[in-house]
Amino acid sequence: GPAAMKTPAVVDVFVVIITFGLALGIATVAGLPAAGSWAVAAGLAAGAWRLHRAGLGLRDLFRPDAGRRAWRSPAEALLLAVLATLAVSLVVLPLGAALGWPAQDLSRFAGVRGDPAALAAYLALAWGSAALGEELLFRGVLMQRLLAALGSARGAVAVVLQALLFGLGHAYLGARGIASATVVGLVFGAAWLRNGRRLAPVILAHGLIDSASLAALFAGAPQ
């Protein structure tokens, strides 16, 4: 029946989530640098395997970006970055103040301040592992398999679920960081779903947000 046909997609979702979580935990306990990057790589490897079993590949996630709309991606990305930042300001700032959340734990980025070499290294990670890797994993693989499992009519549920997972993936930033990432995940997930499932705009928007944050840390701006 239909339920049986959707079971593999459900399995795919759990395999990717468990792989990501285990890799993150192992990398953190082992003290590896950029533990999140190891987790993203492991999650993408598991995702590529599960997509292959479904007759798809990571390249298939990019196919909707081709065509006449591709040139619009930079402008869409800038708008998305502004919308996501505004959403965080309107939701997380008052919520954090009401609940007494401390500032985000940015201790792992302390070396960026005033160090051009450290800034360049973190920017490379931001665009490679975070912007490209995380968007492929959360808005690409997970959203694709969640929609396959839930049905396209439940797109809003898929958006919320991937956003919550995206937020939990940023637990190292503390409660405020989890909430901020969840809100960004909601904005990006909704945009991906309503914009032809195109990854380029959300990848660029993610990179712009992280680059702006790193530039602020480099300049010593209060966070």
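The table for this structure:
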item: Kirkwood hydrodynamic radius (C-alpha pairs) into Stokes-Einstein, segment 164-213, 10 °C and 1.306 mPa s, D in µm²/s; result: 141
item: Alpha carbon convex hull of segment 106-190, volume per residue in cubic angstrom; result: 81
item: Accessible carbon and sulfur surface of segment 57-168 relative to its total accessible area, %, 1.4 Å; result: 69
item: Potential extension, Val91-Ala153 segment - 0.36 nm per residue separation minus Cα distance; result: 19.6 nm
item: Where only alpha carbons of the chain are counted, the Rg and the Dmax (Å); result: 17.4, 60
item: Listed residues His52, His206 arranged by accessible area, highest first, probe 1.4 Å; result: His52, His206
item: P(r) tail fraction, segment 24-152 - alpha-carbon pairs more than 22 Å apart, %; result: 57
item: Accessible area per residue in Å² at 1.4 Å probe, computed on the chain; result: 51
item: Where N is the number of residues in segment 90-149, Cα Rg divided by 2.2 N^0.38 Å; result: 1.59
item: Length added when fully stretched, Ala30-Arg59, from 0.36 nm per residue minus Cα-Cα; result: 7.2 nm
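The values are calculated or read from the model by the stated rules, or taken from the named source; none is laboratory data. Worth saying up front: this structure is predicted, and the values here are computed from it rather than measured. Ligands, DNA and RNA are stripped out before the accessible areas are found, and what is left, the full protein with its side chains, is counted by its heavy atoms. Shrake-Rupley method; radii C 1.70, N 1.55, O 1.52, S 1.80 Å.
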